[in-house]
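Here is the structure we will look at, set down as structure tokens.
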Amino acid sequence: MLELKGTLSINRVCSNKEETYVSLNLNDENSHCNVVEIKISMKEFAQAVTGLNKQPCSFEYNNSGVIGRKKEYKKELVALPNFPYNVTDDVVKAALTQYETDGWQASVYDAKNHKNIIKYDSENKINIYDIGFVRYIEDKTVILKGENK
């Protein structure tokens with residue numbers, strides 16, 4: 001079992017679409033990802049915190065494989081064609097694939113955002129974008145509980 005560091009947030013969620021509920025969010029310090037979100041009614045949350053155990057709830061668990069891994073971020077200048085305003089994510093992903101090496105994943109959002117255009121090369125009809133890249137690497141400082149040292 002891994003021992004990770006993180007943060008816990010407790011929020012009261014009010015909406016006109018559903019009954020007010022409590023949301024408990026656990027975030028991983030390394031990957032900066034949400035590990036689990038627990039949704040529980042106000043009444044059942046009150047009962048749980050006052051000692052009445054095993055209250056019903058629902059939860060979403062992040063099983064993406066990045067929990068416990070360290071998030072790295074970098075920005076690079078990338079030459080991309082002059083996309084039309086309604087370009088699809090698939091077209092942008094295909095254009096970015098050549099820049100995604102060593103586990104780095106480019107931000108499609110950055111490539112579709114005209115505010116990230118640094119320069120326009122009119123001769124070659126390409127834009128130079130400032131694109132964010134992210135990857136998750138193994139963190140040697142994560143403690144494996146029960147492991148012989």
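Where a number appears in this text, it was derived from the coordinates with a stated rule and is not lab data. The shown structure was predicted, so the numbers you read here are calculated from the model rather than taken from an experiment. Note: ideal-geometry Cβ built from the backbone for every residue, glycine included; neighbour counts use all protein chains shown.
Among the listed values (i) 21.6, 71; (ii) 18.2, 59; (iii) 18.0, 61, the one matching Rg and Dmax of the Cα atoms in Å as calculated from this structure is (i). Across the chain, Cα pairs under 8 Å and at least six residues apart give a relative contact order of 23 percent. Each principal axis of the Cα atoms in the range 70-137 has its own extent, and those three values, largest first, are 39, 21, 20 angstrom. Averaging the sequence gap over all C-alpha pairs within less than 8 Å and six or more residues apart, then dividing by the number of residues, gives the range 70-137 a relative contact order of 51 percent.
Restrict the search to the range 1-59; then list the trypsin sites (Lys or Arg not before Pro) that DSSP places in a loop and that have at most 15 other Cβ atoms within 10 Å of their Cβ.
Here the sparse-neighbourhood loop sites are K5, K17, K54.
K93 sits among other residues whose Cβ lies under 15 Å from its own Cβ, and their net charge, with Lys and Arg +1 and Asp and Glu -1, is -3.
Let's test the formula: R0 of 22 Å, r as the Cβ-Cβ distance of L4 and K54. What FRET efficiency results, to the nearest 0.05?
Values: r = 25 Å, r/R0 = 1.13.
In this case the efficiency is close to 0.30.
Within the shell of other residues whose beta carbon sits under 14 angstrom from the beta carbon of K74, the net charge comes to -2, with Lys and Arg scored +1 and Asp and Glu -1.
What's the FRET efficiency of S41 with N63 using the Cβ-Cβ distance as r and R₀ = 22 Å, to the nearest 0.05? E between S41 and N63, to the nearest 0.05, is 0.30. As a quick test, which of the pairs K70/K140; K5/K43; K75/K115; K71/K140; K71/K112 have an alpha carbon distance above 18 angstrom in this structure? Over 18 Å Cα-Cα: K5/K43; K71/K112.
Local charge for E37 was computed over the other residues whose Cβ lies under 13 Å away, with Lys and Arg +1 and Asp and Glu -1, and equals -1. Taken about its Cα centre, the chain carries a charge dipole of roughly 340 debye when the Cβ of each Lys and Arg holds +1 and the Cβ of each Asp and Glu holds -1.
When ranked by the protection proxy of mean other Cβ atoms within 10 Å per residue, highest first, what sequence do the peptides 127-133, 99-105 form?
Working: 127-133: 19.4, 99-105: 12.1.
The most tightly packed comes first, giving 127-133, 99-105.
Which value at 222 nm does the chain reach when only helices count, each DSSP H run of 4 or more adding -39,500 (n - 2.57), with the total divided by all residues and rounded to the nearest 500 deg cm²/dmol? Counting only the DSSP helices, I get -3500 deg cm²/dmol. Only Cα pairs under 8 Å and 6+ residues apart enter the sum, and on that basis the relative contact order of the range 2-61 stands at 26 percent.
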